[in-house]
Amino acid sequence: MATTPIRFGTDGWRGRIAEDYTFSAVRRCAHGFARYLQGLAGASGPVVVGYDKRFASEHFAAAAAEVLAGNGLQVLLTDGPTPTPAIAFSVVDQHARGALNITASHNPAWDNGFKVRDLHGGAIDPDGLTRIESGIPETDAEVPRLPLADGIRQGSITTFDPAPAYTRQLEKLVDLGPIRERGLMVVVDSMWGNGAGWFARLLSGGSTRVIEIHRERNPIFPEMNRPEPIPPNIDVGLRTVTEHGADALLVTDGDADRVGFGDERGQFVDQLRVFALLAFYLLEVRGERGPIVKTLSTTSMLDKLGALYQVPVVETGVGFKYVAPKFLEVNALIGGEESGGYAFRGHVPERDGILSGLFLLDLMVRLKSRPSELIRLLFDRVGPHFYDRVDSPLPPDQRAAFEDRIRAASPAQIGGLAVLEIQRKDGTKFLLEDGGWLLIRFSGTEPLVRVYCETTAAERVQPILQDGLRLVGVR
């Protein structure tokens, strides 16, 4: 029986459960990853395997662990659903050679995924992903497997709890005492995912109160379209803020590597503003210095902060498979992307939604300001910026035609603004006369086209987006 080739996108491989995401496919992927790890010069140590709370994730993780052990590798299997950043940190803490993570992150409920990480706990670069793909067999008929029970009995597979070491790492990176004692009321939406319980545990013991919603395991993700920390998925959380008179909303996505933020009025603070706030926090409040690494799909406010604080800003393609290697190369202070994932110096080169949330609370405490006041302070430094994104589904068999259409596009104006430059680095980005931009990019993990824009006036956002959709041909 012919099988569909497995291709790694922006962040690993994802597929629809029981259609292309099957136990056979996961075993094939695990074998390709094992062959890749065994081919790395000087590689040693175990492989960390973790998983999220999606349907059957623990069973897919067990199947992957069996294959890794069958290939002669030592496996450290997490003892329960674990945040992606905790899995990444475990690679460093356990002196592992890499990690395999069964998660589809923010995808819809019917998907699951297969993420891989290097010996630093960061995303593997595009060349490495190509090598993994080349080692994936067409079937699992010859894939070696060591049954889980046998692997545990023989010591080839060991279950472990990554939480204590990860907790100690967080406590090194941020002083939790002042946050605990500030008396904040924080709503936390765990989106039925791996971030459940973390903020409540970390901030317990003081006068700060955490109200947590969507903390149970429910792989159909009720009250949201998907566990992605943007509206309308976080609307229940935003309402909960206003109902309780809370100070802020923190949201972690399905695997807790991304953060969402809401202010005291129940208004969403978009991911670009959050990235800028985190950079401002590190540069201004903590007085740190170092390069900023950002994807081309995120905010120009970072360029302005870079100029203001005299630090370099480095732009990459979309995805942490580009961000993580550059982050390590330049010893970045912060690295991130438009989707709400941010990495920090002194930690692993991986997105961390939990640490990001703690930094945001620390910023509030240190400046004695609520989220809306922080935004005003940021805009005092860099000027107002407004952002939005539209995701439009595409028939997979027509994607190439849509891509050709965008490659040929050369408009003189978008949203009534002159187009100053067109960049085609990763997607197509139109730089506009007001300092804003429009980006059209086809998703690397789903059959979608994403149309993004950032501009300096709120009333320009929708005209720019609508012109972008017309350029694609979906309006």
Taking only DSSP H segments of four or more residues, each worth -39500 (n - 2.57), what value at 222 nm results for the chain once the sum is divided by all its residues, to the nearest 500 deg cm²/dmol?
-> -10500 deg cm²/dmol
Taking all protein chains as present, what is the carbon and sulfur share of the accessible area of the chain, in % to the nearest whole number, probe 1.4 Å?
-> 49 percent
Which label in (1) 35.8; (2) 21.5; (3) 25.9 gives the computed mean projected area of the Cα convex hull in nm² | (2)
Take each of the peptides 181-194, 259-272, 135-148, average the number of other beta-carbon atoms within 10 Å over its residues, and list them starting from the highest.
-> 181-194, 259-272, 135-148
Here the Kirkwood hydrodynamic radius of region 357-475, Cα-based and in Å, equals 15.9 Å
Percent breakdown of C-alpha pair distances by 5 Å bin, ordered from the shortest bin, for region 53-145 | 3, 12, 21, 25, 23, 13, 3
Taking the convex hull of the Cα atoms, report for region 82-221 its projected area averaged over all directions, in nm².
-> 11.3 nm²
D for region 183-314, whole µm²/s, Stokes-Einstein with Kirkwood Rh over alpha-carbon pairs at 4 °C and 1.567 mPa s: what number?
-> 82 µm²/s
Mean 1/r over all different Cα pairs, inverted: what Kirkwood radius does region 46-90 give, in Å?
-> 10.6 Å
Could you state the per residue volume, in Å³, of the convex hull enclosing the Cα atoms of region 283-419?
-> 159 Å³
At q = 0.15, 0.18 1/Å the base-10 log of I(q)/I(0) from the Debye formula over the alpha-carbon atoms of region 1-85 is -0.58, -0.85
Quick one: compute the contact order of the chain, relative version, from alpha carbon pairs under 8 angstrom and 6+ residues apart, as a percent.
-> 13 percent
D_trans [Stokes-Einstein, Kirkwood Rh over alpha-carbon pairs] for region 262-339, 37 °C, 0.692 mPa s, µm² s⁻¹ | 260 µm²/s
What accessible area per residue, rounded to a whole number of Å², is obtained for the chain using a probe radius of 1.4 Å?
-> 37 Å²
Just grab the label-to-label distance for residue 462 and residue 475, each label 7 Å out from Cα along the Cβ direction, in nm (one decimal).
-> 1.0 nm
Take the Cβ-Cβ distance between residue 373 and residue 175 as r, set R0 to 22 Å, and report the resulting FRET efficiency rounded to the nearest 0.05.
-> 0.55
DSSP bridge orientation in the chain - percent antiparallel, rounded to nearest 5 = 60 percent
Taking the alpha-carbon centroid of each part, what is the distance from region 144-158 to region 234-253 in angstrom?
-> 44 Å
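The values are calculated or read from the model by the stated rules, or taken from the named source; none is laboratory data. Note that the structure is predicted; figures quoted are calculated from it, not measured. Counting neighbours? That spans all protein chains shown, and the Cβs are built from the backbone with ideal geometry, glycine included. Each accessible area value is taken on the protein alone, full model and side chains, heavy atoms only, with ligands, DNA and RNA left out. Shrake-Rupley method; radii C 1.70, N 1.55, O 1.52, S 1.80 Å.
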